[in-house]
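Everything below concerns the one structure shown next.
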Amino acid sequence: MVGKLRLNLAKFSGKLASQASKVGFGGGKSIPGFVFSKVGTQEAIKDMAHELKYGSIVLTGTNGKTTTTTLLINLMSKDLQIRKSYENNTINSIATALLNQKGDLGIFEYGIRNMEYGIPDTVQRLLDPIGVVYTTISQEHTQVNGIKNPFDSYYEAKILLSKEMERGVIVTNCDDPRTALIGINKQDDVKINYYGIAIDDIKDFDAKAIKCPKCGEILDYSINFLNHRGIYSCKCGFKRPEPNVKLVGAEFNSDKWKLTIEGDLFNYPKSENIQFKFDITVPPFGFHNIYNTLASITAYATFTPKVENIEKNVKDLFNNLDMSFIPPGRFEVVSVGNKFIGLGQGDNGDALKINAMFMKQYIDGEFEFIYTTPDENEEEIFNDHYDVVKGMKPDHVIVVPGRTSISKAEEYYNIIKKDFPDAEFYPLSSEEMGKRIDKLTDLAVNSDYDYVIMTGCGEEQAMWEEIKKNMINR
Ligand SMILES: [Zn+2]
């Protein structure tokens, strides 16, 4: 507990920093929180978090966390005033939101790349959240700031965000064995609400074997929905838990999808189980967004004190959704002339597979894959990526560096050339990003193919968003 005076002083200093950042001192979203914790010590964040009437919900995962957070904020804002932070997902931006906003519930995205550059256990202790929401966990960022980041320690860091929870609910994806095990291991301490898919018309075109997160043996899948997400079991007894909120029906049309969602889950404010079943109609937003939809609805239904509003609020949001809810730089399919071009970020194997599955809905003929490579020390990412590229069976491949190293990109290209002898390589430098962006735009727009998928590594705003803008301007 920080003294009242010091807490007030810290709040005052933080607010002063907010004023300063508004008039151009820079730093914006995280500076006020940074100043606050310098004056009040990090412990002051704890006091501020406890001022929230209902508490905080923290969202994490490899892919889908910004989208899920955005959807949850939208849903919950219909019932309550909330404090929120997303995209800029550090403890300082959470502190800034606590400081500068008003509201009874906090909804915060928190990204964790590894233990050295994240403090998941500290965040858990300071915020003392009533909810931790997991999207999905897969291999990404195999190096952070030049240091190797093995998957085990990355996974461990995600676990730490909820490990010491003694109250509240963990909302987690039961189709993903890694996030499911986090729930199973905490089921004696807190309530667990699982979400997942309960239909068999979503199937991955080329799923790879993965190891049981509990014992290390290869998992046995009866169905793979999307990469490692599916219905699985293991010799050690570990198996997919039953979802509390599930997709029980789907009609996929080219202009809209009708999804039927059924829930029987624990509502935290009422401390009792609630049930619902309804249809929503959404744009054809890709199978991964079904998970983001389920995650946000499950989290919302778990933590809203106004359970009578659930069906109405969910329908209001999703039936009126357009694709603008997708964060900047993310994969989208645009039609340019008579071409369909799918483009956007795919920084890890899972994200690239999601993009590939999304693009496959549009491809109806020969197609080209323009692949932007990872960097030095990211061979694991390349291997995951390349499995997806090969699995898609493109008719032509173009390779472009997605990050800094051109020589490493060429090494990756030489591997690709063995399977795709007519693959082309463009050694475009990251120092001349404008040129790289123009060339990538040009390659896609002037491709010999009617279907082009352009994805891989690349900075969201500075690369993908710029190429999208370029394309719209042509
Ligand atoms: Zn096992």
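The values are calculated or read from the model by the stated rules, or taken from the named source; none is laboratory data. Model, not experiment: these values are computed from the prediction. As a convention, Cβ positions derive from the backbone with ideal geometry for all residues, glycine included, and neighbour counts pool all protein chains shown.
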**Message:** Out of PHE285, PHE278, I need the residue that is more than 30 Å from GLY344 (Cβ to Cβ) and in the same structural domain as PHE151 (by TED's automatic domain parsing). Which one?
**Reply:** PHE278
**Asked** Taking segment 180-220 as the region of interest, how many residues are on the phi < 0 side of the Ramachandran plot, part of a loop (DSSP other than H, G, I, E, B), free of Cβ contacts under 8 Å to residues at least 40 places away in the same chain and within 16 Å of the ligand (Cβ to nearest atom)?
**Response** 6
**Request:** Kindly list the number of the only condition in (1) among the aromatic types (Phe, Trp, Tyr); (2) more than 27 Å from LYS163 (Cα to Cα); (3) within 13 Å of the ligand (Cβ to nearest atom) that fails for TYR232.
**Result:** (2)
**Message:** Among the residues in segment 432-439, are any touching a residue at least 40 places away in the same chain (Cβ under 8 Å) and farther than 24 Å from ASN338 by Cβ?
**Reply:** no
**Asked** Of the residues that make up segment 350-361, is at least one surrounded by fewer than 21 Cβ atoms within 10 Å (Cβ to Cβ), touching a residue at least 40 places away in the same chain (Cβ under 8 Å) and either under 19 Å from GLY329 (Cα atoms) or out of contact with any helix residue (DSSP H, G or I) (no Cβ under 7 Å at 6 or more places or on another chain) (or both)?
**Response** yes
**Item:** segment 345-403: number of residues that are assigned to a strand (DSSP E or B) and either among the basic types (Lys, Arg) or at pLDDT 95 or above (or both)
**Value:** 13
**Message:** Among the numbered criteria (1) more than 16 Å from the ligand (Cβ to nearest atom); (2) of a type in the set (Gly, Ala, Ser); (3) crowded, with 18+ Cβ neighbours inside 10 Å, which one does SER254 miss?
**Reply:** (3)
**Message:** Please verify whether VAL248 is in contact with a helix residue (DSSP H, G or I) (Cβ under 6 Å, 6 or more places away or on another chain), more than 16 Å from the ligand (Cβ to nearest atom) and not polar (S, T, N, Q), treating the condition exactly as stated.
**Reply:** no
**Prompt:** Just a yes or no: is a residue in segment 146-167 closer than 22 Å to THR69 by Cβ, at pLDDT 90 or above, in a helix (DSSP H, G or I) and among the aromatic types (Phe, Trp, Tyr)?
**Reply:** yes
**Request:** Determine whether ILE223 is more than 8 Å from the ligand (Cβ to nearest atom), more than 19 Å from ASN63 (Cβ to Cβ), in contact (Cβ under 8 Å) with a residue 12 or more places away in the chain and assigned to a strand (DSSP E or B).
**Result:** yes
**Message:** I need the full set of residues from segment 262-286 which are surrounded by 17 or more Cβ atoms within 10 Å (Cβ to Cβ) and out of contact with any strand residue (DSSP E or B) (no Cβ under 6 Å at 6 or more places or on another chain), in order please.
**Reply:** PHE285, GLY286
**Fill in**
Exactly one of VAL307, VAL314, VAL336 is in contact (Cβ under 8 Å) with a residue 40 or more places away in the chain and assigned by TED's automatic domain parsing to the domain that holds TYR371, and that residue is VAL336
**Item:** Breaking point among (1) among the basic types (Lys, Arg); (2) surrounded by fewer than 18 Cβ atoms within 10 Å (Cβ to Cβ); (3) modelled with pLDDT of 95 or more, for ARG113
**Value:** (3)
**Asked** Restricted to segment 90-110, and to residues that are more than 17 Å from GLN42 (Cβ to Cβ) and surrounded by fewer than 23 Cβ atoms within 10 Å (Cβ to Cβ), which residue is modelled with the lowest pLDDT?
**Response** ASN100
**Request:** Kindly indicate whether any position in segment 163-170 is touching a His at 6+ places or on another chain (Cβ under 8 Å), more than 16 Å from LEU294 (Cα to Cα), more than 16 Å from the ligand (Cβ to nearest atom) and not aliphatic (A, V, I, L, M).
**Result:** no
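Table: residues versus (1) modelled with pLDDT of 95 or more; (2) touching a helix residue (DSSP H, G or I) at 6+ places or on another chain (Cβ under 8 Å).
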position	(1), (2)
LYS211	no, no
ASP220	yes, no
LYS239	yes, no
ASP255	no, no
SER271	yes, no
PHE287	no, yes
**Item:** Failed criterion for PRO241 (all others in (1) away from the ligand (no atom under 12 Å from the Cβ); (2) within 17 Å of ALA295 (Cα to Cα); (3) crowded, with 19+ Cβ neighbours inside 10 Å hold)
**Value:** (3)
**Message:** List pairs: first residue in segment 236-258 and in contact (Cβ under 8 Å) with a residue 60 or more places away in the chain and within 30 Å of GLY216 (Cβ to Cβ), second residue β-branched (Val, Ile, Thr) and not in a strand (DSSP E or B) anywhere in the structure, Cβ distance under 9 angstrom, at least six positions apart or on different chains.
**Reply:** PHE238/ILE184; PRO241/ILE184; PRO243/THR298
**Message:** Can you go through THR122, THR68 and tell me which one is more than 17 Å from PHE34 (Cα to Cα) and either among the hydroxyl-bearing types (Ser, Thr, Tyr) or in contact with an Asp or Glu (Cβ under 9 Å, 6 or more places away or on another chain) (or both)?
**Reply:** THR68
